[in-house]
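The values are calculated or read from the model by the stated rules, or taken from the named source; none is laboratory data. Computed from a prediction, not measured in an experiment: that's the story for all the values here. Counting neighbours? That spans all protein chains shown, and the Cβs are built from the backbone with ideal geometry, glycine included. When the accessible area is computed, the model is the full protein with side chains, heavy atoms only, and any ligands, DNA or RNA have been set aside. Shrake-Rupley method; radii C 1.70, N 1.55, O 1.52, S 1.80 Å.
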Amino acid sequence: MIREKENRTNLVRWRPPPTGWLKANVDAAFKKEKGSGAISVVVRDNRGRIVLGFTGKIQANSSIAAEATAVRQAIIIVNNLQMGKTLIESDNLKLIQAIKSKGSIEKISAIIQDIDMLMEQLPEKGLTWTPKNGNLLAHEIAKAAEIGTLHYNWSTQPPANIHSIIRSEIQFE
């Protein structure tokens with residue numbers, strides 16, 4: 001039974017947003033022993049083209065705090081740049097459930113409150129969960145940013161490993 005579920009999860013890949021929408025995939029790479037990491041936000045259109053890419057170094061006390069920081073940053077970017085209809089997608093199910101249910105996770109209640117307030121400012125938005133395989137690009141970018149191997153122009157001139165993920169994910173048509 002578990003094996004069957006794993007196999008189905010492995011088949012999941014990035015899904016484009018509906019026509020007229022954007023999708024911002026987010027992720028974080030976190031090193032507990034350092035209390036730091038990096039976040040990534042990758043905004044793509046319904047054809048899989050990168051509209052905007054963002055990475056940033058962060059301080060956090062847990063991996064879920066790092067993930068929540070990535071979600072908050074995506075919403076800030078979408079709001080500030082007035083990007084319109086946008087889905088924010090993360091692979092952290094516990095976090096997405098807490099935000100959507102207006103629940104709380106004790107360690108990150110302040111970040112979740114920020115996210116709730118920011119979401120109210122987005123008239124047309126959505127918050128979705130995807131398995132890790134549906135979030136590979138944001139994951140690889142966060143990981144590379146955390147270890148310092150990501151070049152500043154990765155979103156317009158992606159390195160080979162990032163480019164191959166982009167190519168494989170846009171072969172949905």
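So for each of 123-135, 22-34, 156-168 I average, over its residues, the number of other beta carbons within 10 Å; can you give me the resulting order with the highest mean first?
22-34, 123-135, 156-168
Please tell me the relative contact order of the chain in percent, rounded to the nearest whole number, where contacts are Cα pairs under 8 Å and at least six residues apart.
28
Within the chain, which DSSP H helices have Cα atoms that stretch 24 Å or more along the helix axis and a mean Kyte-Doolittle hydropathy of at least 0.5?
For the chain, where a helix must reach 24 Å along its axis and average at least 0.5, the hits are 63-80.
Please give the per residue accessible area of the range 22-154, computed with a probe of 1.4 Å over protein heavy atoms only, in Å².
Averaged over the residues of the range 22-154, the accessible area is 47 Å².
If the only charges are +1 at each Lys and Arg Cβ and -1 at each Asp and Glu Cβ, what is the size of the charge dipole of the chain around the Cα centre, to the nearest 20 debye?
The dipole of the chain has a size of about 240 debye.
Rg and Dmax in Å for the chain, alpha carbons only: what are they?
Taking only Cα atoms of the chain, I get Rg and Dmax of 15.4, 45 Å.
Can you check what the net charge comes to around Ser168, using other residues whose Cβ is under 12 Å from the Cβ of Ser168 (Lys, Arg +1; Asp, Glu -1)?
Neighbourhood net charge equals 0.
Rounded to the nearest percent, how much of the accessible area of the range 22-154 (1.4 Å probe, protein heavy atoms only) is carbon and sulfur?
50
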